[in-house]
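Asker: Below you will find the structure I want to go over with you.
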Amino acid sequence: MRRIGPVILGIAVFLFFLLCYPFHIHFHEQYQLFLFSFDYFLELAVRPGGIAVWLARFLTQFFYYSWAGAVVIALLLVAVQQVFQKILLSLENKPAWIPLSYLLPVSLWILLLNENYMIAAVVSVLITLIAVTLYPVNGTSQRRTLCYFLTLPFLYWIAGGVSILYAVMLVIIKWSLDRDKIRKINLLLHVLAALALAFSYPLLTSSFLQYPLPKLILGIDYYRYYYYPFYFQYVAWAVPVAVLLIYLIFPAGREKKNRLLISVLGAAMTGAVAVAGLYFFTDRDKERAFAYDYHVRTENWQKVLKLAGSKAPASDLELSAVNLALAKTGKMGEDLFRYTQTGVEGLFPPYRRDFVSPLITSEVFFHLGMVNSAQRYTFDAMEAIPDFQKSARCYKRLAETNLINGQYGVAGLYLKFLRQTLFYAQWAGKAQNFAGNGERIDTHPVWGQARRFRYRDEMLFSPDGMHTMLGILCSQNSQNLTARDYLFSYLLLARDLESFVAAFDNFSDSLNGPIPLLYQQALALYWVQHHENFGQVPWNISEEIQTQIGKFAASYAQYASSNPAKLLRKEYGNTYWYYVFFTKNPRP
Amino acid sequence: MRRCFTGFVVLLLALACKPSPENGTVSCGYPSVFPDYIGVTVPVNIAPLNFDVTERGADRVMAVVAGTNGDTLRCSSGDKTIRFSLKKWSALLKANSGDSLLITVSVRHNGKRIVFRPFPVYVSDDSIDYGIVFRHIAPGYEVYSKMGIYERELSSFRQKPVYENTLIPQTCVNCHSFRQASPDSFVLHVRGEKGGTILQQNGVLRYLQTKTDSTAGAFSYPCWHPSGKYIVFSINRTFQSFHVTREDRVEVFDRLADIVVYDVQHNKVLNCGLLTTEDHETYPVFSADGRMLYFCSAPAMNMPADYKKLRYNLCRISFNPQDGTFGTETETVIDAVALGKSIAMPVPSCDGRYIMFSIMDYGTFPINHREADLALLNMETMEWHIPQAINSNDVESYHSWSSNSRWVVFASRRRDGLFVHPYFAHVSSNGITGKPFMLPQRNPQQFYDRLIYSYNCPEFVSGPVRLDLRQLERKANTMDKEQVGYESI
């Protein structure tokens, strides 16, 4: 059990994160910027817990690859279990209870299901447990006391608020070792002094660091929203304390069958906690949302569409990712309504001041050629990161937008930082060669195109006038097919047929081949609203569409008094007509 | 005559290319250094002007600073950064106060030594205040991350936080203002759910709720009355819009702007009808003698559609500090609208002789306008001009006068067009401005290359700012705010 247990744990954790939660791993990586520089280290080291944070962020950079992130997490949790096991066995030899030592890594595993629970929290717990192993359990009382007093301030500075766990565990250990040797009152005084010392360091720190005192006591960097009291994380701190107490209080089991029973029950309990925790706290919806974001970021449009095909997009953000994928694969005119559309918010989700939602929208802007808007959304998303970290993903995009806009000095700043990273340095080095060379940027497949597509004339961004803004992009450059498809889709989703027809007449020259299905449906609808038949229709609307709209109208009339939405969904649910008449969403 | 002139020119050239005492190739040009300290005017008590030699290929740099008395200060470096000893630098400046220094830079390049033409640094005997207080904030759009108010001592490189928004989470701070640079009287706004206005005077900290039932919003841009009895504030409803072309990023405008005066002793707002009209009245400041209130005014417009037509004049109204009453009419001091310009942020010098203000093509927020410049209004002649010495091709904006009225600090984006840095310029008693210099740093290139924050609203301060942070934290967390009263005049 002692050999095979850690292996099982490691493999289970690895497989879970690799297969079930890979995009949570990417989520962590993209919201940090680990720099190989002394300044970066110093910036973290000057606050309690900062060194553990530095170590954690060093490890988190490897989350660039989800398999590497899964390995890191697995190794961390196995290390936690092994060190905790070592602590227990160094006190008393009760191997029957060792399965309970797995409760701690399992608790941390469950906490890690929340994408805002930071790797720094796990690293800090590990460091604290390692510090506990340094306690000389076989030494004299004086030596042990000295060890405690010397270790605690360093531990507080290295690992932060979790050093309280160290204090509590050592209090328990001291009680266990000395309860028969010294008077209870002396023991109590020792304990009180130890705990008082544990609280004194945060108090001292509060005189020169500007953080709320509760944060200095309980830890600053363990949860991404540093100001939010994520109380659940302290359950994980209570677990080793509880296990330690159980371990020390309860007997080892004299008979083999008793020991086996203890082990089996311990393992069963741990397993039950693991299964229940994973079942109830695995957030599949967020994993999907992060998957969308990752695939958009890596421009893997087919994977975006595959996600949408397996389960309908659950939010405007996911829908905007799908719509972008449709545009980039040239399928917007055909497949827009294969996915349930919610209006124009599915193209441009409303702006929210958080660190997640603006990023997908910034991607949409970037691909449209709205470079300044892409820059703004990216910058604001990064500024909204609750633990004040910078983002490698955002720095990369900001370097690009500034290169495109000719702001080479600013681009150089971002590239300089990215060259201090492990996984972005090469890209940044290549990008730096473009700085200052507008002609070379013009030849870049992405940046050159963005330069050609971006706005030329001064105006202010108008969230209420997106169709006008899209129209200007189309007028400026007929090669901007994404803008063309977005303009058409915007007007269709807004149910503004008049404007759609006008836009279509202006910008449909760039359509290659037959008119896409949805545009034919819209044109047909427009035509029949103003004419009796298709005799003089100026667009090439297929016979099939002409027939189908007639059938739709007839069916609508037939079922008008019952439930036409339900009755017509099967045959017409993917059509524009169904959207116009039956989809409830606010008009812009 | 011609021969004399030619001889004179030859002599000048010979002097300009005078070789250093040691062997080396002499360059007739100035060295390329960052920051550009060539020909700047500095105060006698400024921190060392450490600089980086940015000449290509240089692998060892040396600098000799020579005073007119023959005293010198030498420095050499293997990493291109010239760092002067603080103690020796201070002594050298004191010995050359009112005079100038010559800095000779030489570099080693491919084994050869190149000596550049010495460049002057003029040492004014006008001292500068103890320090500046500013906000560090990323040059963003609508969202802020970590930010804070910091104090930097100008005779050294010491910098310390006054307030950081990690103390009271999810807050933003701005509009720090001192009474004639005194750290004993200052205000600071904290925005957010637990926000309020910090007013500290003579060691007493008050946390104010400044929104009243009779005013349109909480206090915004402040200015102390020289007596310390009043603070004038604007009340603004500010909105942002965003440019889509590469040249500009943000456009800030007000949907509402009024001015009120806060009576510090009686904790009440004094409202003058002439300053709370349908027009936008903003950026109020008291004159140095406290008898006049200057402000910017523009008619309300259909925003954001008419954003390019929004232009502000510089106006004023008299103020009676005895009873807190105002004059019966406002007066236009500079009709910027007639010139097709807009004025913002007027700031009178402490001696009352000048007002420095921002001028731009339109709008109300100069930091977002590349064309924004600083202008100087002479209060005796009522004539104004744009001093070319302190302006650049990029934005110059927020400015503050030192307590002796001989120095201004202002914010500029001239380095890269994005990040705002503080520059200092000497202003003589007759309004002549010297070449500005960037805030000195111990390792300037490394510092500014890595800095991801802008210096926002640099204000001179004559001593360290002491703010009881834990008291502030308690008041904010318990919402222990003092409600401001209201009185209409």
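Asker: Could you look through region B:144-177, keep only residues that are within 8 Å of chain A (Cβ to nearest Cβ) and surrounded by fewer than 17 Cβ atoms within 10 Å (Cβ to Cβ), and pick out the one that is farthest from B:Tyr230 (Cα to Cα)?
Answerer: For region B:144-177, the residue satisfying everything is B:Lys146.
Asker: Of the numbered conditions (1) within 14 Å of chain B (Cβ to nearest Cβ); (2) within 31 Å of the chain's Cα centre (by Cα), A:Leu493 satisfies every one except a single condition; which is it?
Answerer: Exception for A:Leu493: condition (1).
Asker: For region A:2-92, which helices (runs of 4 or more DSSP H) that fit wholly inside it have 1 or more residues that are among the hydroxyl-bearing types (Ser, Thr, Tyr) and modelled with pLDDT of 95 or more?
Answerer: Details: elements: A:4-15, A:22-30, A:38-45, A:50-60, A:66-91.
Of the helices (runs of 4 or more DSSP H) lying wholly inside region A:2-92, those with at least 1 residues that are among the hydroxyl-bearing types (Ser, Thr, Tyr) and modelled with pLDDT of 95 or more span A:38-45, A:50-60, A:66-91.
Asker: Additional query: Name every residue in region B:172-195 that is within 20 Å of B:Ile452 (Cβ to Cβ) and touching a residue at least 40 places away in the same chain (Cβ under 8 Å), in order of residue number.
Answerer: Of the residues in region B:172-195, the ones within 20 Å of B:Ile452 (Cβ to Cβ) are B:172-174.
Selection gives B:Asn174 alone.
A quick yes/no check of all residues on (1) over 28 Å from A:Asp457 (Cβ atoms); (2) assigned to a helix (DSSP H, G or I); (3) among the acidic types (Asp, Glu):
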| residue | (1), (2), (3) |
| --- | --- |
| A:Tyr395 | yes, yes, no |
| A:Glu400 | no, yes, yes |
| A:Leu403 | no, yes, no |
| A:Ile441 | no, yes, no |
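Asker: Let me ask something else. Take the residues in region B:196-221 that are more than 25 Å from the chain's Cα centre (by Cα) and crowded, with 22+ Cβ neighbours inside 10 Å; name whichever of them is nearest to the other protein chains (Cβ to nearest Cβ).
Answerer: B:Tyr207
Asker: How many residues, within region B:79-95, are at pLDDT 95 or above, assigned to a loop (DSSP other than H, G, I, E, B) and crowded, with 16+ Cβ neighbours inside 10 Å?
Answerer: 2
Asker: Take the residues in region B:232-248 that are touching a residue at least 12 places away in the same chain (Cβ under 8 Å) and within 7 Å of chain A (Cβ to nearest Cβ), then tell me which one is farthest from B:Gly196 (Cα to Cα). Steps first, please.
Answerer: Going through region B:232-248, the residues touching a residue at least 12 places away in the same chain (Cβ under 8 Å) turn out to be B:232-242, B:247-248.
So of that shortlist, the ones also within 7 Å of chain A (Cβ to nearest Cβ) come out as B:241-242.
Details: B:Ser241: 26, B:Phe242: 28 Å.
So, considering only residues that are touching a residue at least 12 places away in the same chain (Cβ under 8 Å) and within 7 Å of chain A (Cβ to nearest Cβ), the one farthest from B:Gly196 (Cα to Cα) is B:Phe242.
Asker: Pairs needed: first member in region A:396-411, within 16 Å of B:Pro139 (Cβ to Cβ) and within 11 Å of chain B (Cβ to nearest Cβ); second member anywhere, among the hydroxyl-bearing types (Ser, Thr, Tyr) and assigned to a helix (DSSP H, G or I); C-beta distance under 8 Å; at least 6 residues apart or different chains.
Answerer: From region A:396-411, the pairs are A:Leu398/A:Thr378; A:Leu398/A:Tyr414; A:Thr401/A:Thr378; A:Asn402/A:Tyr408; A:Asn402/A:Tyr414.
Asker: With respect to A:Gln426, is the statement that it is surrounded by fewer than 24 Cβ atoms within 10 Å (Cβ to Cβ) and either facing chain B (nearest Cβ under 10 Å) or touching a Leu at 6+ places or on another chain (Cβ under 8 Å) (or both) true?
Answerer: On the way: surrounded by fewer than 24 Cβ atoms within 10 Å (Cβ to Cβ): yes; either facing chain B (nearest Cβ under 10 Å) or touching a Leu at 6+ places or on another chain (Cβ under 8 Å) (or both): no.
So A:Gln426 fails the test.
The rows are residues; the columns are (1) touching a residue at least 60 places away in the same chain (Cβ under 8 Å); (2) outside any helix (DSSP H, G or I); (3) surrounded by fewer than 21 Cβ atoms within 10 Å (Cβ to Cβ).
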residue: A:Asn138; (1), (2), (3): no, yes, yes
residue: A:Gln142; (1), (2), (3): no, no, yes
residue: A:Leu150; (1), (2), (3): no, no, yes
residue: A:Leu155; (1), (2), (3): no, no, no
residue: A:Gly160; (1), (2), (3): yes, no, no
residue: A:Tyr166; (1), (2), (3): no, no, no
residue: A:Leu170; (1), (2), (3): no, no, no
residue: A:Lys174; (1), (2), (3): no, no, no
residue: A:Asp180; (1), (2), (3): no, yes, yes
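Asker: From the set of residues in region A:187-216 that are in a helix (DSSP H, G or I) and of a type in the set (Gly, Ala, Ser), which is nearest to the other protein chains (Cβ to nearest Cβ)? If you could, list the steps in order and put the result at the bottom.
Answerer: Residues of region A:187-216 in a helix (DSSP H, G or I): A:187-205, A:213-216.
Applying the additional criterion that residues be of a type in the set (Gly, Ala, Ser) yields A:193-194, A:196, A:198, A:200.
Details: A:Ala193: 25, A:Ala194: 26, A:Ala196: 20, A:Ala198: 21, A:Ser200: 16 Å.
Residue satisfying both the conditions and the ranking: A:Ser200.
Asker: Then there is this: Looking for something part of a helix (DSSP H, G or I) and buried (at least 17 other Cβ atoms within 10 Å of the Cβ) - is there at least one such residue anywhere in region A:223-232?
Answerer: From region A:223-232, those part of a helix (DSSP H, G or I) are A:232; that's our starting set.
Still in the list and also buried (at least 17 other Cβ atoms within 10 Å of the Cβ): none.
No, every residue in region A:223-232 fails to be part of a helix (DSSP H, G or I) and buried (at least 17 other Cβ atoms within 10 Å of the Cβ).
Asker: So how many residues does region B:376-394 have that are in a strand (DSSP E or B) and in contact (Cβ under 8 Å) with a residue 24 or more places away in the chain?
Answerer: Our first condition is that a residue be in a strand (DSSP E or B); within region B:376-394, this holds for B:376-378, B:384-385.
Keeping just the survivors that are in contact (Cβ under 8 Å) with a residue 24 or more places away in the chain gives B:376-378, B:384.
Residues meeting the conditions: 4.
Asker: For B:Tyr141, state whether it is within 14 Å of chain A (Cβ to nearest Cβ), over 17 Å from the mean Cα position of the chain (by Cα), in contact (Cβ under 8 Å) with a residue 40 or more places away in the chain and not in a strand (DSSP E or B). I'd like the intermediate steps shown before the answer.
Answerer: Working: within 14 Å of chain A (Cβ to nearest Cβ): yes; over 17 Å from the mean Cα position of the chain (by Cα): yes; in contact (Cβ under 8 Å) with a residue 40 or more places away in the chain: yes; not in a strand (DSSP E or B): yes.
When the stated conditions are applied, B:Tyr141 passes them.
Asker: Then there's this: Taking the conditions exactly as written (surrounded by fewer than 18 Cβ atoms within 10 Å (Cβ to Cβ), within 27 Å of the chain's Cα centre (by Cα), of a type in the set (Asp, Glu) and more than 26 Å from B:Cys28 (Cα to Cα)), does B:Asp99 satisfy them or not? First the steps, then the outcome.
Answerer: Values: surrounded by fewer than 18 Cβ atoms within 10 Å (Cβ to Cβ): yes; within 27 Å of the chain's Cα centre (by Cα): yes; of a type in the set (Asp, Glu): yes; more than 26 Å from B:Cys28 (Cα to Cα): no.
No, not satisfied.
The values are calculated or read from the model by the stated rules, or taken from the named source; none is laboratory data. Keep in mind the model is a prediction, meaning the values are calculated, not measured. When we count neighbours, we look across all protein chains shown, and the Cβ atoms used for this are built from the backbone with ideal geometry, even at glycine.
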